[in-house]
Every structure is written in structure tokens, then in C-alpha cells.
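Below is one structure. I have some questions about it.
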């Protein structure tokens, strides 16, 4: 595999670390950088001209959120999701029990789809209930015995 490097040892199109992006974005925000051409800035910074154009359009230098803007299930409809959430909140059953109870009414419901739905709505873990677990106690203290060797 052949890799091309510039004379100063850097790769032709720099790595994508956020620190590098922040440094470049600060340089791009200066008045002289705004007036310079995309090609000149991309050569100077060692990045792709499309990246320079993309960074110029951004309002901030912070990283954008990854993932969907409005997450939704691909296997469950909104009505089915609402039914799952209401069932879980009402019964407070563990996920496996919810799965077995809901599968007759939602035949295509899988364990992973149920888990994703519960996580998305923030109810994948049941809240701790008072008296659910026995209170922790200290071990009983015994006097030190003699050791015969």
C-alpha cells in the first residue's frame, strides 16, 4: 500500500480529530481566512476543500450530534410503542415477562425491539422500591480465638 505524505511529513488530507478541527475552525473564523479561497485554505490546512466549505457554513465549531434527529422504531408502530410503554409502567414487570405477555398481541415483537423501545422511553430499568431488598447489616463480631500451632 502506497501512502502519500507532504514534504513536512503530514498526510495530504489531515486526520479528523476534534482538536484539529477546532484549531482549523478558529483559523477559518479570522477575517483573512474568510476572504481566502477554498483551495488556498485547504492547501494551507492540509484538508479537503469540501471540508473547508462545510466548516465555513457551520455556526459553531462544536461537533454535531450523530444519529437520527428524531429516533423512532423501524419495527414497531407508534401505537405499539405506546402500548408497550403503558404496559411496562402499569405492571412494572421485567422485560422478559413483558415480552411474553405482549407477544400474543404484537406477534412480531422481539426481545431486542422491546429493549430498544424501553430504552428510548427511559424505562428500561425499573426504579428502586423501598423494602425491595433486605437492609444490609454488618457481620457479627466474634472474639479473637487462640490459634494452636
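Would you calculate the volume per residue, in Å³, of the smallest convex hull containing every Cα atom of segment 32-125? Don't skip to the end; give the middle numbers.
Numbers: hull volume 13.8 nm³, N = 94.
Hull volume normalised by residue count: 147 Å³.
If you stretched the chain out fully between residue 128 and residue 54, how much longer would it get, using 0.36 nm times the residue separation minus the C-alpha to C-alpha distance?
Details: separation 74, 0.36 × 74 = 26.64 nm, distance 4.68 nm.
Here the segment from residue 128 to residue 54 would lengthen by 22.0 nm.
Listed highest first by mean packing, meaning other Cβ atoms within 10 Å per residue, what order do 93-103, 113-123, 69-79, 136-146 come in? Write down the numbers at each step before the final one.
Values: 93-103: 14.4, 113-123: 16.1, 69-79: 9.9, 136-146: 5.1.
So the peptides 93-103, 113-123, 69-79, 136-146, ranked by packing, come out 113-123, 93-103, 69-79, 136-146.
No lab work stands behind these numbers, since they all come straight from the coordinates. In this text, all values refer to a predicted model and were calculated from it rather than measured experimentally. Don't worry about glycine lacking a Cβ; one is built from the backbone with ideal geometry, like all the others, and counts go over all protein chains shown.
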